[in-house]
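Chemist: Sharing a structure with you now.
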């Protein structure tokens with residue numbers, strides 16, 4: 001029973017669950033980026049080149065009839081877009097953290113003794 005208990009403790013640790021959530025979100029994000037490339041980038045930017053090659057999709061580009069370099073190009077474009085989006089996301093998060101760290105904390109109000117001494121000082125000045 002010790003090994004089963006140890007496995008259960010491992011499986012429900014926060015890090016393992018965080019990793020599982022990250023993988024699931026990463027898969028969904030991958031589908032979004034794939035759709036962005038197939039449905040937005042390819043029609044807008046690559047459509048003239050694909051029409052010149054008499055192709056409908058980037059993945060159909062082949063060399064010697066067997067080497068499908070279009071799939072590779074699609075993967076490279078996918079990677080560049082994901083890397084750029086992650087770069088912009090992390091840059092924004094770092095900017096927010098920097099702005100939060102630069103904001104000075106409000107000074108603590110003076111204690112009652114300090115307040116009394118300031119009142120005495122102001123009265124003596126008059």
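All of the numbers you see were taken from the coordinates with simple rules; none came from a lab. Not measured: the values here are computed from a predicted model. Cβ: placed from backbone, ideal geometry, glycine included. Neighbour counts: every protein chain shown.
Chemist: Out of 86, 19, 50, 73, I need the residue that is out of contact with any strand residue (DSSP E or B) (no Cβ under 6 Å at 6 or more places or on another chain) and within 30 Å of residue 6 (Cβ to Cβ). Which one?
Modeler: Numbers: 86 fails: within 30 Å of residue 6 (Cβ to Cβ); 50 fails: within 30 Å of residue 6 (Cβ to Cβ); 73 fails: within 30 Å of residue 6 (Cβ to Cβ).
19 is the lone residue from the list that is out of contact with any strand residue (DSSP E or B) (no Cβ under 6 Å at 6 or more places or on another chain) and within 30 Å of residue 6 (Cβ to Cβ).
Matching residues to (1) within 28 Å of the chain's Cα centre (by Cα); (2) assigned to a helix (DSSP H, G or I); (3) touching a residue at least 24 places away in the same chain (Cβ under 8 Å); (4) surrounded by 10 or more Cβ atoms within 10 Å (Cβ to Cβ):
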| residue | (1), (2), (3), (4) |
| --- | --- |
| 15 | yes, yes, no, no |
| 30 | yes, yes, yes, yes |
| 45 | yes, yes, no, yes |
| 49 | no, yes, no, yes |
| 56 | no, no, no, yes |
| 79 | yes, yes, no, yes |
